[in-house]
Amino acid sequence: MNMRHLISPLDFSVEELDKLLNLASDIEANPAKYKDACKGKKLATLFYEPSTRTRLSFESAMLSLGGNVLGFSDASNSSAAKGESVSDTIRIISCYADICAMRHPKEGAPTVAAMKSSIPVINAGDGGHQHPTQTLTDLMTIRSLKGRLNNLTIGLCGDLKFGRTVHSLINALVRYENISFVLISPKELSLPDYIKQDVLDANNVPYEEVEQLESSMPKLDILYMTRVQRERFFNEDDYVRLKDRYILTKEKMNYAGKDMLVLHPLPRVNEISVEVDDDPRASYFKQVQFGVYVRMALILTLLEMAES
Ligand code: NCD
């Protein structure tokens, strides 16, 4: 048995990622070919933290592969409320399902689960740490709409401190050629030093940190907007002060090149005005659809590896 988990975006090599994204594109082109690919298999979704998109995206992916889903979407309805540990829960779930996706407010919880699990564990977001399947979604979106994953200038805007999607995306993109970042955030929400040092500097990836959005827009190939992560703030006043710092409007889109894509992991709060949705460069709803294909490819790949 050659079982693998997906806890960090770096768990797959660039070659393996390429294969996965090719499979996702084939699924997009020929969905019927895969409709029974996971017949008889069960996916457990263990969500200890709120989620609509990610959980339903996993469920939709498994159902489109002909498999079944079970799980919980609220830790208060699970044995965690009785004090069960993640290690015990995963040993139980290993008897009920063939693969599982876990979201947890504590950084590292899916790693602990993977150590005790006899089924593949997919990290569906752990605290402010990582969100590798959102990264797969982002990579598929960029590759499909831009045609490449190298030679890109990516602006990351908003809550770069707590935004786990940003942390995961940076980790994944530094492995491609000629990537540079513009980090757009208020000082209080800037990218953690450990990512600047251990990921950006360590890979000699150029980046600049700015507070203003408009002035950096003309040079961007991708603008990745994020929500200020209210649930990770200690202080509501700070959240209120920072939450509307960046709002992408139709007027501001005039600063962007004609091919710049706007991405957002969603949910959106105020940071992209709804009038931007009709702009052909707004790609965040397409991103949601790519998320289902890439999760289908991931479930299929991890199940095949576990059986080989
Ligand atoms: C993201 C998350 O959960 O980190 N959402 C998602 O999975 N699509 C982004 C967010 O909540 O802001």
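Conditions tested, residue by residue: (1) assigned to a helix (DSSP H, G or I); (2) in contact with a Ser or Thr (Cβ under 9 Å, 6 or more places away or on another chain); (3) within 10 Å of the ligand (Cβ to nearest atom); (4) at pLDDT 95 or above.
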residue	(1), (2), (3), (4)
A101	no, yes, no, yes
K106	no, no, no, no
P110	yes, no, no, yes
T137	yes, yes, yes, yes
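The number of residues in region 182-215 that are out of contact with any Asp or Glu (no Cβ under 8 Å at 6 or more places or on another chain), crowded, with 18+ Cβ neighbours inside 10 Å and under 18 Å from L263 (Cα atoms) comes to 1.
With respect to (1) over 25 Å from T52 (Cβ atoms); (2) in a helix (DSSP H, G or I); (3) under 19 Å from the mean Cα position of the chain (by Cα), the lone exception for R175 is condition (2). Screening Y255, Y224 for residues that are of a type in the set (S, T, Y), outside the structural domain of K35 (by TED's automatic domain parsing), surrounded by 13 or more Cβ atoms within 10 Å (Cβ to Cβ) and over 30 Å from P105 (Cα atoms) leaves exactly one candidate, Y255.
For residues that are out of contact with any strand residue (DSSP E or B) (no Cβ under 8 Å at 6 or more places or on another chain) and not in a helix (DSSP H, G or I), scanning just region 112-132, find the one that is nearest to S51 (Cα to Cα). Ranking the candidates gives G128 first.
In contact with a helix residue (DSSP H, G or I) (Cβ under 9 Å, 6 or more places away or on another chain), open to solvent by 50 Å² or more (accessible area, probe 1.4 Å) and closer than 30 Å to V199 by Cα: is that true of R91 in this structure? Steps first, please.
Values: in contact with a helix residue (DSSP H, G or I) (Cβ under 9 Å, 6 or more places away or on another chain): yes; open to solvent by 50 Å² or more (accessible area, probe 1.4 Å): yes; closer than 30 Å to V199 by Cα: no.
When the stated conditions are applied, R91 does not pass them.
Return yes when S180 is within 14 Å of the ligand (Cβ to nearest atom), in contact (Cβ under 8 Å) with a residue 24 or more places away in the chain and polar (S, T, N, Q) and no when it is not. Give the derivation first.
On the way: within 14 Å of the ligand (Cβ to nearest atom): no; in contact (Cβ under 8 Å) with a residue 24 or more places away in the chain: yes; polar (S, T, N, Q): yes.
Spelling it out, it is not the case that S180 is within 14 Å of the ligand (Cβ to nearest atom), in contact (Cβ under 8 Å) with a residue 24 or more places away in the chain and polar (S, T, N, Q).
Just give me the residues in region 142-170 being under 13 Å from the mean Cα position of the chain (by Cα) and either within 12 Å of the ligand (Cβ to nearest atom) or open to solvent by 20 Å² or more (accessible area, probe 1.4 Å) (or both), in sequence order. Within region 142-170, G163, R164, T165, V166, H167, S168, L169 qualify.
For residues that are small (G, A, S) and in contact (Cβ under 8 Å) with a residue 24 or more places away in the chain, tally how many sit in region 76-98.
Taking region 76-98 as the starting set, the residues that turn out to be small (G, A, S) are 76, 78-81, 83, 85, 87, 94, 97.
Next, from what is left, pick out any that are in contact (Cβ under 8 Å) with a residue 24 or more places away in the chain: 78, 80, 87, 94, 97.
Qualifying residue count, region 76-98: 5.
Of the residues making up region 273-287, those that are open to solvent by 60 Å² or more (accessible area, probe 1.4 Å) and touching a residue at least 24 places away in the same chain (Cβ under 8 Å) number 2. Identify all residues within region 141-158 that are within 21 Å of V288 (Cβ to Cβ) and not in a strand (DSSP E or B); write none if there are none. Answer for region 141-158, where residues must be within 21 Å of V288 (Cβ to Cβ) and not in a strand (DSSP E or B): T141, I142, R143, S144, L145, K146, G147, L149, G158. The single condition among (1) touching a Gly at 6+ places or on another chain (Cβ under 8 Å); (2) open to solvent by 20 Å² or more (accessible area, probe 1.4 Å); (3) among the charged types (D, E, K, R) that E84 does not satisfy is (1). For region 50-81, a tally of residues being open to solvent by less than 20 Å² (accessible area, probe 1.4 Å), within 16 Å of the ligand (Cβ to nearest atom) and in a loop (DSSP other than H, G, I, E, B) returns 0.
The values are calculated or read from the model by the stated rules, or taken from the named source; none is laboratory data. All values reported here derive from a predicted model rather than from experimental measurement. Note: ideal-geometry Cβ built from the backbone for every residue, glycine included; neighbour counts use all protein chains shown. Side chains are part of the model used for accessible areas, which takes the heavy atoms of the whole protein and leaves out ligands, DNA and RNA. Shrake-Rupley method; radii C 1.70, N 1.55, O 1.52, S 1.80 Å.
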